[in-house]
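Please read the structure below before turning to the comments.
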């Protein structure tokens with residue numbers, strides 16, 4: 001599905017974010033990209049979304065070089081993804097319902113589809129009781145679950161979760177990871193970046209370890225070893 005072929009990203013000679021990365025991510029996987037701060041995890045995630053361009057090498061999605069897409073093709077490509085971030089990126093002036101509805105409106109969904117789908121996804125992330133709450137009325141864990149709901153509402157093939165539990169307490173972290181696992185079990189590919197060993201140990205899926213921009217380990221059985 002996603003193929004990194006000898007990918008490097010250099011901002012200058014003294015700043016190397018990725019170095020000669022070769023990586024394949026297949027449809028339906030739950031893969032954790034781990035490593036210390038500055039290891040290259042976020043750059044790798046941004047590269048998949050074509051938010052960064054490689055200095056060398058190629059990133060393919062299926063058989064398409066994503067960094068050769070025109071604006072129309074790039075918009076269509078990105079609609080196949082959902083993204084979740086450490087800082088939530090919610091709209092503070094909109095309720096939980098409205099945050100999700102806004103994502104549907106952006107891709108042209110009808111009012112009827114919105115009224116039908118939003119309650120279902122709020123139930124999936126256990127936020128039915130927060131439907132008309134604003135982000136400032138919600139805990140960190142609730143905000144992140146709302147961010148996940150917004151990310152999955154348009155049925156993406158792939159979820160990229162970039163350090164989604166970085167600001168959360170252990171209970172909220174567990175809740176968020178369980179939701180991501182549930183989404184994966186429903187068929188969505190999940191790409192998680194994290195430096196949290198406990199998170200990785202709880203998932204027990206493939207783990208790719210990065211260090212100084214390089215992939216240094218690829219464990220199929222979910223081991224986080226640094």
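A few comments on the model shown:
Conditions tested, residue by residue: (1) closer than 24 Å to residue 168 by Cβ; (2) in contact with a helix residue (DSSP H, G or I) (Cβ under 8 Å, 6 or more places away or on another chain); (3) part of a strand (DSSP E or B).
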{"position": "43", "(1), (2), (3)": "yes, no, no"}
{"position": "47", "(1), (2), (3)": "no, no, no"}
{"position": "50", "(1), (2), (3)": "no, yes, no"}
{"position": "54", "(1), (2), (3)": "no, yes, no"}
{"position": "60", "(1), (2), (3)": "no, yes, yes"}
{"position": "77", "(1), (2), (3)": "no, yes, no"}
{"position": "89", "(1), (2), (3)": "yes, yes, no"}
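- Of all residue pairs spaced 6 or more apart or on separate chains, those with beta-carbon atoms under 7 Å, a first member in segment 71-84 that is touching a residue at least 40 places away in the same chain (Cβ under 8 Å) and on the phi < 0 side of the Ramachandran plot and a second member that is assigned to a helix (DSSP H, G or I) and surrounded by 14 or more Cβ atoms within 10 Å (Cβ to Cβ) are 82/151; 82/152; 83/151; 84/147; 84/148; 84/151.
One line per residue, one yes/no per condition, for (1) surrounded by 15 or more Cβ atoms within 10 Å (Cβ to Cβ); (2) in a loop (DSSP other than H, G, I, E, B); (3) under 16 Å from the mean Cα position of the chain (by Cα):
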site	(1), (2), (3)
122	yes, no, no
129	no, no, no
143	yes, no, yes
150	yes, no, yes
165	yes, yes, yes
172	yes, no, no
209	yes, no, no
216	no, no, no
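- Within segment 183-190, the presence of at least one residue that is modelled with pLDDT of 95 or more, assigned to a strand (DSSP E or B), in contact with a helix residue (DSSP H, G or I) (Cβ under 9 Å, 6 or more places away or on another chain) and under 26 Å from residue 47 (Cβ atoms) is confirmed.
- Within the set 81, 102, the sole residue that is farther than 16 Å from residue 142 by Cα, at pLDDT 95 or above, surrounded by 13 or more Cβ atoms within 10 Å (Cβ to Cβ) and in contact with a strand residue (DSSP E or B) (Cβ under 9 Å, 6 or more places away or on another chain) turns out to be 81.
- Residue that is farthest from the chain's Cα centre (by Cα) [pool: residues in segment 88-110 that are in contact (Cβ under 8 Å) with a residue 40 or more places away in the chain and more than 25 Å from residue 167 (Cα to Cα)]: 109
- Selection count, segment 9-37, where residues are farther than 28 Å from residue 188 by Cα and not in a strand (DSSP E or B): 2
- When residue 64 is tested against (1) surrounded by 13 or more Cβ atoms within 10 Å (Cβ to Cβ); (2) closer than 24 Å to residue 28 by Cα, exactly one condition is not met: (1).
The values are calculated or read from the model by the stated rules, or taken from the named source; none is laboratory data. Because the structure is a prediction, the values reported are computed rather than measured. Glycine also receives a Cβ, built like all others from the backbone with ideal geometry; neighbour counts cover every protein chain displayed.
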